[in-house]
1. Here is the link list: Lys72/Lys131; Lys100/Lys131; Lys6/Lys131; Lys74/Lys100. Which ones come out longer than 23 Å on Cα distance?
2. How would you rank 54-62, 110-118, highest first, on the average number of other Cβ atoms within 10 Å across their residues?
3. Relative contact order of the chain: what whole-number percent is it, with Cα pairs under 8 angstrom and at least 6 residues apart?
4. What Kirkwood Rh does region 74-116 have if only Cα atoms enter the pairwise 1/r average? Answer in Å.
5. Over the Cα atoms of the chain, each weighted equally, I'd like the Debye log10 I(q)/I(0) at q = 0.14, 0.19 Å⁻¹, rounded to two decimals.
6. When Lys and Arg each count +1 and Asp and Glu each count -1, what net charge do the other residues less than 14 Å away from Ser80, Cβ to Cβ, add up to?
7. How long is region 1-53 along each principal axis, judged by its Cα atoms, biggest number first, in Å?
8. Net charge near Ala123, counting Lys/Arg +1 and Asp/Glu -1 over other residues with Cβ under 15 Å of its Cβ?
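Please treat every number below as a calculation from the coordinates, not as lab data. None of the values given here were measured: they were computed from a predicted structure. For neighbour counting, all protein chains shown are included, and Cβ atoms are generated from backbone atoms with ideal geometry for every residue, glycine included.
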Amino acid sequence: MSDIFKPSDYVIAKADLPTVSMGPYRAQWAEWAGHAMAFEVVPKGFPPGGDAAFVGLPNELCQCPHWGYMLKGKALLRLSDGRELDINEGDVYYCPPGHKLYAVEDFENIEWNPAELAGQTMAAFSDNIRKSQQG
């Protein structure tokens, strides 16, 4: 994933945000003041390659915290302590550092993240997904 888009002003129409693709994943990201906001559309079964998408991240887990709202669909949050939590349509959620997230159903969400960590994590995640799709 390339750098997160940084709008030149404090307001931008969602339609004017560039779309980032990672395999079947689609998102619109914006960064202000070190924080990144993402509108994500994630297909069931994402990430392709499953746990291989997390290889190379510390402890093979996402270390970027996420605060979000699930607009529709369902995801599974697996924490470093082994707990698994469902994130359902209408849920507000927090993913602490040390997690994996899987699309149980197609889902759409809005997330807020520390921009630097999000960029680093998504770059590694994107590289791993690209490698898994090349065979």
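1. Table pairs above 23 Å Cα-Cα are Lys72/Lys131; Lys6/Lys131.
2. Top to bottom by mean Cβ count within 10 Å: 110-118, 54-62.
3. For the chain, the relative contact order is 30 percent.
4. After inverting the mean inverse Cα-Cα distance, the result is 11.2 Å.
5. Results for the chain at q = 0.14, 0.19 Å⁻¹ read -0.60, -1.16.
6. That sum, taken over residues with Cβ under 14 Å, equals -1.
7. For region 1-53, the Cα spread along each principal axis is 38, 21, 14 Å.
8. -2
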